[in-house]
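**Student:** The structure under discussion is supplied below as structure tokens; questions concerning it will follow.
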Amino acid sequence: MQVAGSVAAERLRLNVFGHAYVGVGAVVIVVLFYLAIAAQITQSSYDIARLQDQQRQLIAEQDQLRYQEVTMHAPAQVQQHAAQSGMQRVIPSRFVTGQEVAVDLSAAVGASPVDATPLWLRAVAVIANTVAGTRDVMASTKK
Amino acid sequence: MLLVAVVLAGMVWARLAYWQVVQHGQLTLQAQAQYRELVELPALRGAIFDRNLTQLVVNTTVYSAFVSPDQIAATQRDAVATGLATVLGADRPKVMATLESNVKFAYIARRFAKAKADQLRTLKLPGVGLQEETQRSYLPGTSSGSTLAANLLGFVDWNGDGNYGLEANYQKALGGTPGYISSYRDLANREIVLGTHTHQDPVNGQNLVLSLDANIQYAAEQALMEGVKRDRAESGSVLIMDPTTGGIVAWADYPSYNANSFNRTNTALFKDNVLSYVYEPGSVMKVVTLAGAINAGAIEPGTVINDPGVLNVGGYRIYDWDRRNHGNVNYTYVLEHSLNVGAMKAMLAEGHPAFYKNLEAFGLTTPSGIDVAGENHIAPPSAAKMQDSQYATTAFGQGIDVNMVQMLAAINVVANGGKYAPPHVVERVGRNLNPLLLQPQRQVISAATAAKMTTMMQMVVQHGSGWTSRIPGFQLDQCGKTGTSQIPVNGKYTQDVWSSFVGFLPAKKPRFTMLVVVRKPHYPGSENDWTLNDGYMTAEPIWKQIAQTLVVSWHITPDKP
């Protein structure tokens, strides 16, 4: 039992070294894996940056096309194209006619409208307006 | 010996402690500055649309080319200069001089189109870089030297700030809030997008929807340009309003400018004469005077007065424009023939305090408050400080200064059944309706008074000075009033005039109210007869031409008899 135990212990000691190698190996693998991932991430980020740049250019192109489209519908451009095609806007000369509503200035003019407000009320209004001032234009409207 | 060693070691440790502890923060910042970068993410500026959702402004990308001469080998300079001169049209000797200089950075060309930038990219010139910039592009106007509604819209400078007009007034809403991204860069100064970084998205600017109609705006600019040239005037402006809402339909100035090349424009042209230029409105003011007097019950359209052609007020003899004795006339005739004496008598019948309150109620004593930058306003003296003579001249529109927005909004009271519609240009900011549109409108005069004034203004077109504005089919159904006032210089009135015409149609249910002002017209033949510069010869034909376009474009029909 004693001998068997010492052999096992010897094997165990070897295993400790073995574990150390395995551990170092694992660390190396992790580091390499990390580096590979980091490199991949960096590569991807460059790809994204390139695509973003491409996107910016496409947006710029889209804006340019949008401006061209809007300009083509602008009244100035429409008129220019119409003129080039020999078209001309004609102002209509025929409309629906209406009945004439005119004041006959030669007719006798009637008397000016008479203010029917009682004298005492006018006096009160003068005093009230002097003291307090008229509230607004509507307040002074004659009913 | 030991002591010396300890002192020396102490000095080293102290120095280490200084750099590692005391200067830690500072050094960290310097290190970060080398590999970390804070990039601003610009917010997209909001677009501007007219009432039919026609886009009036578009954001476009332009490019600037720069060189770093220290990165260009002497042997490559020639090729770089040739490439830049060929693609950008730059002056080759100048480019060579820049490349041979000791400067680290220099612009070769600013703000050119993408096509040129693409050409430059394909050449792969060493030491040459491209910088992207955003530019606001505006629609073409009536001539190559102008863009549509330039004076109303304003422009955006190269720093992204709105200048003048709506671009300035709505800078905050249009501009948005820029975001940022804080990222790392490698040794080659390339961004590591997936590195540790903080990111704040930008908030893009809001779109504006205006009450403007691009087609009517164009027609107004065209008619105005032709009119100002025909009248050999200094300048002119047109303002059209929706009578019920107060929304501005067209806002034209001539001369105007090209907002796409604002950097090469005479800055005097940036001034918007509709809002920044105050003038004496002349006889157009008689509408306000008579409306107030009728509303106060002081007069009626048929009230007869005696007009001897002159009136003594405050020690001054004030004449009618023709200096003729008109005898007994009623107030409709006064408006038709634009008689100053009649207007003064209406003001006197109403009384000074009520007349002043009337000016206030019509919005002529305070700024209009319209949502466009740069409103100019000269307040009249207070009611107590106003002289008798100034009351008298104000009654027919001299001695009082207003801008066009104030004047049109005041006349629009008549068209809008006696209510004051607050003038505005923007209907929507983003998804939000302009709060002005939700507020009840102020009643200035009664609907009955407005109806009487409408009839009187119809008579002006049928029998009076408004005859040149008559539109076939609408002769009986349009309202108008001319205005001509002499321009004062150094306290004295000159022979130069502001001539104007204001009107609306159809009379009973108006679709638009329009004011045309022509400044310093010199109508052919006016050297012998200055009255040819009057509103009926200069402003009215412009009004008529634009109104005809409105009638056709908006399918307006006359009122039923």
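The values are calculated or read from the model by the stated rules, or taken from the named source; none is laboratory data. Everything quoted here is computed from the prediction, not taken from an experiment. Glycine gets a Cβ as well: all are built from the backbone with ideal geometry, and neighbour counts include every protein chain shown.
**Student:** Might you let me know whether the range B:98-109 holds any residue that is over 34 Å from the mean Cα position of the chain (by Cα) and within 14 Å of chain A (Cβ to nearest Cβ)?
**Tutor:** To start, the set of residues in the range B:98-109 that are over 34 Å from the mean Cα position of the chain (by Cα) comprises B:98-106, B:108.
The next check asks that each one be within 14 Å of chain A (Cβ to nearest Cβ); those that pass are none.
No: the range B:98-109 contains no residue that is over 34 Å from the mean Cα position of the chain (by Cα) and within 14 Å of chain A (Cβ to nearest Cβ).
**Student:** Exactly one condition in (1) free of Cβ contacts under 8 Å to residues at least 24 places away in the same chain; (2) within 14 Å of chain A (Cβ to nearest Cβ); (3) of a type in the set (Val, Ile, Thr) is false for B:Ile546; which is it?
**Tutor:** (1)
**Student:** Please state which of the following conditions B:Lys492 fails to meet, knowing it meets all the rest: (1) within 27 Å of B:Pro301 (Cβ to Cβ); (2) more than 27 Å from the chain's Cα centre (by Cα).
**Tutor:** (1)
**Student:** If I filter the range B:549-559 down to residues being touching a Pro at 6+ places or on another chain (Cβ under 9 Å) and in contact (Cβ under 8 Å) with a residue 24 or more places away in the chain, which single residue comes out as nearest to B:Arg230 (Cα to Cα)?
**Tutor:** To start, the set of residues in the range B:549-559 that are touching a Pro at 6+ places or on another chain (Cβ under 9 Å) comprises B:551-552, B:556-559.
Filter once more, so that each one left must be in contact (Cβ under 8 Å) with a residue 24 or more places away in the chain: B:551, B:556-559.
Details: B:Val551: 24, B:Ile556: 28, B:Thr557: 30, B:Pro558: 30, B:Asp559: 33 Å.
This residue is B:Val551.
**Student:** Related question: Looking at (1) within 8 Å of chain A (Cβ to nearest Cβ); (2) more than 26 Å from B:Ala252 (Cα to Cα); (3) among the polar types (S, T, N, Q), can you tell me which one B:Gln458 breaks?
**Tutor:** All conditions pass for B:Gln458, except number (2).
**Student:** In addition: Restricting the search to the range B:313-336, which residues are hydroxyl-bearing (Ser, Thr, Tyr) and more than 11 Å from chain A (Cβ to nearest Cβ)? Full working, then the answer.
**Tutor:** So in the range B:313-336, the residues hydroxyl-bearing (Ser, Thr, Tyr) come out as B:316, B:319, B:331-333.
Listed by number, the residues that qualify are B:Tyr316, B:Tyr319.
**Student:** Taking interchain pairs and intrachain pairs at least six residues apart, which have beta carbon atoms under 9 angstrom, with the first residue in the range B:219-244 and free of Cβ contacts under 8 Å to residues at least 12 places away in the same chain and of a type in the set (Phe, Trp, Tyr) and the second in a loop (DSSP other than H, G, I, E, B) and surrounded by 21 or more Cβ atoms within 10 Å (Cβ to Cβ)?
**Tutor:** If the second residue must be in a loop (DSSP other than H, G, I, E, B) and surrounded by 21 or more Cβ atoms within 10 Å (Cβ to Cβ), no pairs are left.
**Student:** Return the residues of the range B:489-500 that are hydrophobic (A, V, I, L, M, F, W, C) and touching a residue at least 12 places away in the same chain (Cβ under 8 Å); say none if nothing qualifies. Before you say what the answer is, go through the steps one by one.
**Tutor:** To start, the set of residues in the range B:489-500 that are hydrophobic (A, V, I, L, M, F, W, C) comprises B:489, B:497-498.
Correct list: B:Val497, B:Trp498.
**Student:** Tell me which of these B:Tyr316 doesn't satisfy, since it passes every other one: (1) of a type in the set (Phe, Trp, Tyr); (2) closer than 14 Å to B:Ala395 by Cβ; (3) crowded, with 24+ Cβ neighbours inside 10 Å.
**Tutor:** Condition (3) is where B:Tyr316 drops out.
Residue-by-condition table, conditions (1) surrounded by fewer than 12 Cβ atoms within 10 Å (Cβ to Cβ); (2) in contact (Cβ under 8 Å) with a residue 12 or more places away in the chain; (3) within 7 Å of chain B (Cβ to nearest Cβ):
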residue	(1), (2), (3)
A:Thr42	no, no, yes
A:Ser45	no, no, yes
A:Ala49	no, no, yes
A:Arg56	no, no, yes
A:Ala60	no, no, yes
A:Met72	yes, no, no
A:Gln79	no, no, no
A:Ala82	no, no, no
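**Student:** Working only within the range B:364-410, note down all residues that are under 17 Å from B:Gly483 (Cβ atoms) and not in a helix (DSSP H, G or I).
**Tutor:** Passing the criteria: B:Leu364, B:Phe396, B:Gly397, B:Gln398, B:Gly399, B:Ile400, B:Asp401, B:Val402, B:Asn403.
**Student:** State all residues of the range B:80-128 that are within 20 Å of A:Glu61 (Cβ to Cβ) and part of a helix (DSSP H, G or I); if no residue qualifies, say none.
**Tutor:** Those that are within 20 Å of A:Glu61 (Cβ to Cβ) and part of a helix (DSSP H, G or I): B:Val87, B:Leu88, B:Lys114, B:Ala115, B:Lys116, B:Ala117, B:Asp118, B:Gln119, B:Leu120, B:Arg121, B:Thr122, B:Leu123.
**Student:** For a quick check of your reading of the model, give me the residue pairs whose first member lies in the range B:473-488 and is more than 14 Å from chain A (Cβ to nearest Cβ), whose second is modelled with pLDDT under 85 and in a loop (DSSP other than H, G, I, E, B), with beta-carbon atoms closer than 6 Å and at least 6 apart or on different chains.
**Tutor:** Within 6 Å, the pairs are B:Thr484/B:Asp534.
**Student:** For the range B:394-421, enumerate the residues that are within 25 Å of B:Ala383 (Cβ to Cβ), surrounded by 20 or more Cβ atoms within 10 Å (Cβ to Cβ) and touching a Gly at 6+ places or on another chain (Cβ under 8 Å).
**Tutor:** Within the range B:394-421, B:Phe396, B:Gly397, B:Gln398, B:Gln406, B:Ala409, B:Ala410, B:Asn412 meet the criteria.
**Student:** Hey, does the range B:159-179 have a residue that's within 14 Å of chain A (Cβ to nearest Cβ) and small (Gly, Ala, Ser)?
**Tutor:** no
**Student:** Mind listing just one residue for me: the one in the range B:433-447 that is touching a residue at least 12 places away in the same chain (Cβ under 8 Å) and either in a helix (DSSP H, G or I) or more than 14 Å from every other protein chain (Cβ to nearest Cβ) (or both) and, of those, surrounded by the fewest Cβ atoms within 10 Å (Cβ to Cβ)?
**Tutor:** Residue satisfying both the conditions and the ranking: B:Gln439.
**Student:** For the range B:501-530: of the residues being over 17 Å from B:Ala410 (Cβ atoms) and in contact (Cβ under 8 Å) with a residue 60 or more places away in the chain, which is surrounded by the fewest Cβ atoms within 10 Å (Cβ to Cβ)?
**Tutor:** B:Pro524
**Student:** With B:Ala47, B:Ala65, B:Ala81 as the choices, which residue is in contact with a helix residue (DSSP H, G or I) (Cβ under 9 Å, 6 or more places away or on another chain), crowded, with 19+ Cβ neighbours inside 10 Å and either within 14 Å of chain A (Cβ to nearest Cβ) or polar (S, T, N, Q) (or both)?
**Tutor:** Unique residue meeting the criteria: B:Ala47.
**Student:** To continue, here is another question. Mind checking which residues of the range B:289-302 are within 11 Å of chain A (Cβ to nearest Cβ) and either under 11 Å from B:Lys345 (Cα atoms) or hydrophobic (A, V, I, L, M, F, W, C) (or both)?
**Tutor:** Selection gives B:Ala291, B:Ala293, B:Ile294, B:Ala296, B:Ala298, B:Ile299.
**Student:** Now for a separate question. Would you check which residues across the range B:463-491 are assigned to a helix (DSSP H, G or I) and surrounded by fewer than 21 Cβ atoms within 10 Å (Cβ to Cβ) and list them? It would help to see each step written out before you state the result.
**Tutor:** Kept after step one, since they are assigned to a helix (DSSP H, G or I), are these residues of the range B:463-491: B:463, B:465-469.
Within the range B:463-491, B:His463, B:Trp467, B:Thr468 qualify.
**Student:** Then there's this: For A:Gln68, work out the one condition from (1) under 30 Å from B:Leu212 (Cα atoms); (2) surrounded by 11 or more Cβ atoms within 10 Å (Cβ to Cβ); (3) at the interface with chain B (Cβ under 7 Å from one of its Cβ atoms); (4) modelled with pLDDT of 55 or more it doesn't fulfil.
**Tutor:** Here A:Gln68 meets the rest and fails (3).
**Student:** Here is a further query. Select from the range B:347-378 the residues that are over 35 Å from the mean Cα position of the chain (by Cα) and surrounded by 22 or more Cβ atoms within 10 Å (Cβ to Cβ) and list them in ascending order.
**Tutor:** Listed by number, the list holds a single entry, B:Glu350.
**Student:** Of the numbered conditions (1) out of contact with any Pro (no Cβ under 7 Å at 6 or more places or on another chain); (2) free of Cβ contacts under 8 Å to residues at least 24 places away in the same chain, B:Tyr316 fails exactly one; give the number of that condition.
**Tutor:** Exception for B:Tyr316: condition (2).
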